[in-house]
Amino acid sequence: MENLLSVQNLTKRFGPVTANDGVNLEVRKGEIHCLFGENGAGKSTLSSCLYGYYRADSGVIRFKGEVAELNSPADALRLGIGMVHQHFVLVSNFTVLENIIVGSAETGLFLTKSDARRKISELCENCGIRIDLDREIWELSVGEQQWVEILKALYFGAELLILDEPTAVLTPQQSDQLFRILDGMRKRGLSIILISHKLREVMQSDRVTILRKGRAIATVETSETTAEAITSLMVGHKVNKHVRDRSVEPTGEVLAVDRACAIGEWGEDILKDVSFNIAHHEILGLAGVAGNGQKELFETLMGVRALSSGGFSLEGELITKPTSREMLDRGIGFVPDDRFLEGLIPEFGTAENLILGWQRAREYCRGPFLDRRKMDALARRKIEEFKVVTASADLPVERLSGGNAQRIILAREFLHSRGLLLANQPTRGLDVAASEFVYEKILEKRASGFAVLLASEELDDLLRLCDRIAVIFKGRIMGIVRPEETTLLELGMMMAGDASDVQRTVQ
Amino acid sequence: MLELMQGPLLISILAAMVRIATPLLFSAMGELVTQRAGIWNISVEGTMLLGAVVAYVVASTTGSPWLALLVAVFACALISLIMSFVTIVLKAEQFVAGLALNLLASGLTLFWFQTYVIGREPPKFAGFEQVDIPFLSDIPILGPVLFSQRALTYVSFLLPPLVWFFLYRTRYGLEVRCVGENPKALDVKGLGVGRRQCLAIMFGSLMSGLGGAFLMLGYSDRFVPDLIAGRGWLVVVAIIAGNWMPFRIVGAIFIFALLEAVGIHAQVVGVAIPHHVFLVLPYVASLALLAGLRSRTHQPVALGVPYSRE
Ligand SMILES: Nc1ncnc2c1ncn2[C@@H]1O[C@H](COP(=O)(O)OP(=O)(O)OP(=O)(O)O)[C@@H](O)[C@H]1O
Ligand SMILES: [Mg+2]
C-alpha cells in the first residue's frame, strides 16, 4: 500500500528538552494510525510538527511522495492535512458556527452564513452529531466542545486528519460514534493519525506506532498484537491492573449526603435529591456521562457552590452551609476534573503548587513569610515519591505533561487530606501506566481508612476499584449498585437515564 | 445650578458636548478595533498629541487643513509600526510599550514647543470651519446641537455603526475578534495573527491621530502642549466603561463629554462649585459606570497577552 505521509528523522527540541528524537513514521493511504505512548512521550509535539504548528529542528516530511515544507498550519492545510488539538482551540464567546467558519474565505466579505450553515448541518447529519450551531461555546459541555473541534476539522475536509486525544472527554458511546465516522473516512481512502490512551480505541486502529521518550520505537499491525503487548512496549515493562482488596470491609460512615439540591444559573435543577453515604475503607464510584451534575456535586461538597436545600454530614456533624475554607480545614482532599483551570496554577512551580490552599499553615511559614527551604524540601520529596518528571521544582507546571501535572495535584491532596478524598475524573488524559499509578495511590488511601468518592467515565475501572457505584443522570442518582451484582450494560442504561427495571440502591 | 437648565444655555451645553465628544469618537473607535485584536495599546494620548502637532505644523506652513489632516493621519500610521514591532515581533509587555510611547510623544512635543514655538509670533493657520447642514440646522435645539458642526463631526456620527458593522458583520471583523479572544484559533486555520494585529494597531493609531488633528484643527486657534489634556486616557477608560462594545463606548464618551461641557459652562456662569470638581467628574462617572454595569465582561480574553506558538 502506498504511503501518504512519511517522516524521517524528525527531531524537535524545546530548550534543553528533546521532545522528538529522530522519529520515523509512515502513514498509509486509508488507514487509522495510532500514536501510543506515555504522557510526555512527544505525541502532541510530533503532531504539531506534522501540522506545521511547530517547526521541526531537523528531519524530512514527505507528503504523497514529495518533500513538504511545513512552516505554518497554512502549508499543512494547503496540502490537505487537518488537525484537532489536544487542548481546545475554541473562542468561548463565539457560537459554534462562528468557530467553524472563522478563517474560511467561503463566507465572503459579509459573512454570508447560510451556505456554511447548510454544509455544517449536512455534515452533522451524516455523522450523527447533534449540536446547536447558534449556541456559544461556553454554554456547551466539554463533550460537545470536542465535537465542535472535530467538526472544525471535518468541515475543512482533509486528506490526512490528525486527532490528538479527541476521546479524552468523550463517553464510550460518543467514542464509538467517532470511530464510526473515522471508519467511513478510512473507507473513502482518507488517512487518520489518532492519539489515544484508551486501549479499547487503540485496538480499533490499523497500525500502532509506539513512542517512548521522544523516539518511535516500533510500528505494529494492530491485528497481530494485543493490548498487553503494546502496553509493555510503551512503558518498557508489564503494567499491573490494580483491584481493590476485598478482605478490607467498609465500616462506619464518613460522609452522608442527604437530599442535596442545587439550582443552576437559569433556575434549573442541577442536583436533585442526591443522597448517598461513604464509609471508611470505601470507594464509592460515581458513574455518569460528563455534564450530568458530577462537577456540581463535587463543588457543593467542597463548599464552592451553594446548596439550595438538603445538606450533608461529615463524621456525623451536619453541614448545611459549607465554605471551601472549612472543607479544606476539615481535611477533605479534592482532585478537580480540569487540572490546569482548577487544580493548579499553571505559571507556578511544583513547590508552590504543592502548598496551594495550605500556604497559611504554620509548617510552611516563617513568621509572615513563606519558608522556601521547607517548600523546596517538600517538593523534592514529593517529586521523588510521585515520580514526577520535571526539570526542576521551579519549572512552571504548565510545561509538564498532563500525567505529571496530575501527580502534583494528587501529591498535594494526599498530603493534606484526612479521611475523605473527592476525585473527579482523576485519570482523564493519563496514559495507562500513569492511570494505574493514580489508582494504586487511591487504593492505598482506601486501605488506610479513607472514604473516597471517585467519578469516572471508565466503567471498567470503576468496576474493579469501587465497593459500590452510584450512577448519576441529570443531577439525580439513578441507583447505587455493587460491582459484582451489575453489568456494563446495566450501568450504561442507568447512565442514559433508563432505570426502569434496575432502580435500586444498596447500602 | 438651575441657571444651567435654561434654553439657550442648555443648547450651548449640548452643542459643547457634541464638540467635545466627536474627536474622541475617532480615537475610541480606532482603539476599540486595536483592543478587539488583543493589543492593549494605551498610547492613545501620545498618538493624539502627535496627530495634533503634525497637523499644526502642516496647517501653519501650507495653510491647508485637509492636507494637514492627511499628513497627521499618515504620520500616526507610520509611528504605529514602532508599537507593532515592539509588541508583535519582540513580544514586549504592551502596557509598558504604550506608556513609553506616551512619554516619548509628550517629551518630544515639549522639546519642540520650547525650541521652535515659544517666544515667536504664533503662525496663522486656518482650521476647519463650521458647516451648517441646510434645513436640518434650522430645527430648534437639535439643529444647533447636531447640524451646525464641523464636517468631520458628521463623519464621526457614522463611525460607530461602521465599526460595529465591520466587527460583527464582516469576515475580517470576525477574524479580528478571534485574534483578541484566542489567537491560536486563527493561527491553526492558517491565517496570520501578527499581520492582523499589526493592521489593527495601525488603524487604531491613525484614528487616534485623526482625533488629535481634529481637536487641533477644529477647535483650537493656537497650539499648547497640553492640548490633549488627558482625553486619550479618557478614551481608554471609555472603552472599559463601555465594556468593549461600540455603542456603549459611544454612550460613555457622551456622558464624559456632557460632564465636561457642564463644567465649562458652570465656570462661565459662575456656579459656586470649584472647577476641579467638574474635572474629576468624568472619572468618577466612569467608576460608577463600571461598578454599576455588572454584566458579563466583553473584554477580549487574550487582551494584552503576546502570542507565540512555543
Ligand atoms: N511548549 C513547550 N515548551 C517546553 N517543553 C515542552 C513544550 N511542549 C512540550 N514540551 C515537552 O516536550 C515533551 C513532550 O510533550 P508532548 O506534549 O508532546 O507529550 P505527549 O506525548 O503529547 O503527552 P500527553 O500524553 O501528556 O499529551 C514533554 O517533556 C513536555 O514537557
Ligand atoms: Mg499530548
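What the table below lists for this structure:
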item	result
Residue in region B:102-121 that is more than 14 Å from chain A (Cβ to nearest Cβ), free of Cβ contacts under 8 Å to residues at least 40 places away in the same chain and touching a helix residue (DSSP H, G or I) at 6+ places or on another chain (Cβ under 8 Å) present	no
Subset of region A:158-185 [outside any helix (DSSP H, G or I) and among the charged types (D, E, K, R)]	A:Glu159, A:Asp164, A:Glu165
Residue check for A:Ile195: within 14 Å of another protein chain (Cβ to nearest Cβ), touching a strand residue (DSSP E or B) at 6+ places or on another chain (Cβ under 9 Å) and within 16 Å of ligand 2 (Cβ to nearest atom)	no
Of all residues in region B:100-137 being among the aliphatic types (A, V, I, L, M) and more than 21 Å from B:Leu49 (Cα to Cα), the one that is surrounded by the fewest Cβ atoms within 10 Å (Cβ to Cβ)	B:Leu136
Scan of region A:148-157 for residues that are out of contact with any Ser or Thr (no Cβ under 9 Å at 6 or more places or on another chain) and part of a helix (DSSP H, G or I), ordered by number	A:Val148, A:Glu149, A:Ile150, A:Leu151, A:Lys152, A:Ala153, A:Leu154
Region A:433-444, residues that are away from ligand 1 (no atom under 14 Å from the Cβ) and among the aromatic types (Phe, Trp, Tyr)	A:Tyr439
Residue selected from region A:406-432 under the condition basic (Lys, Arg) and away from ligand 1 (no atom under 15 Å from the Cβ), by the criterion surrounded by the fewest Cβ atoms within 10 Å (Cβ to Cβ)	A:Arg418
Output for region A:125-169, where each listed residue is within 16 Å of ligand 2 (Cβ to nearest atom) and within 14 Å of chain B (Cβ to nearest Cβ)	A:Glu149, A:Ile162, A:Leu163, A:Asp164
Selected residue [more than 12 Å from chain B (Cβ to nearest Cβ), over 22 Å from A:Leu178 (Cα atoms), hydroxyl-bearing (Ser, Thr, Tyr) and out of contact with any Pro (no Cβ under 9 Å at 6 or more places or on another chain)] from A:Ser114, A:Ser121	A:Ser114
Qualifying residue in region B:226-235 (condition: in contact (Cβ under 8 Å) with a residue 24 or more places away in the chain, in contact with a Lys or Arg (Cβ under 8 Å, 6 or more places away or on another chain) and surrounded by 19 or more Cβ atoms within 10 Å (Cβ to Cβ))	no
Residue within region B:188-199 that is more than 14 Å from chain A (Cβ to nearest Cβ) and surrounded by 20 or more Cβ atoms within 10 Å (Cβ to Cβ) present	yes
Elements of type strands (runs of 3 or more DSSP E) contained in region A:1-54, each with 1 or more residues being within 10 Å of ligand 2 (Cβ to nearest atom) and over 18 Å from A:Leu400 (Cα atoms)	A:32-37
Qualifying residue in region A:315-329 (condition: more than 27 Å from A:Arg407 (Cβ to Cβ), in contact with a Ser or Thr (Cβ under 6 Å, 6 or more places away or on another chain) and touching a residue at least 40 places away in the same chain (Cβ under 8 Å))	no
Every residue from region B:166-182 that is at the interface with chain A (Cβ under 7 Å from one of its Cβ atoms) and either outside any helix (DSSP H, G or I) or out of contact with any helix residue (DSSP H, G or I) (no Cβ under 7 Å at 6 or more places or on another chain) (or both)	B:Arg169, B:Thr170, B:Glu181, B:Asn182
Counted residues, region A:87-102 - those being at the interface with another protein chain (Cβ under 8 Å from one of its Cβ atoms) and either in contact with a His (Cβ under 7 Å, 6 or more places away or on another chain) or without any contact (Cβ under 8 Å) to a residue 12 or more places away in the chain (or both)	2
Residue under evaluation A:Gly143, criteria (1) closer than 28 Å to A:Asn404 by Cβ; (2) assigned to a loop (DSSP other than H, G, I, E, B), criterion not met	(2)
Test result for A:Leu90, in contact with a Cys (Cβ under 8 Å, 6 or more places away or on another chain), away from ligand 1 (no atom under 16 Å from the Cβ) and either at pLDDT below 95 or in a loop (DSSP other than H, G, I, E, B) (or both)	no
Residue satisfying all of: in region A:60-86; assigned to a helix (DSSP H, G or I) and facing another protein chain (nearest Cβ under 7 Å); surrounded by the fewest Cβ atoms within 10 Å (Cβ to Cβ) among these	A:Ala74
From B:Ile240, B:Ile264, B:Ile249, residue being part of a helix (DSSP H, G or I) and surrounded by 20 or more Cβ atoms within 10 Å (Cβ to Cβ)	B:Ile249
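The values are calculated or read from the model by the stated rules, or taken from the named source; none is laboratory data. Keep in mind that this is a model prediction, so the values were computed, not measured. Note: ideal-geometry Cβ built from the backbone for every residue, glycine included; neighbour counts use all protein chains shown.
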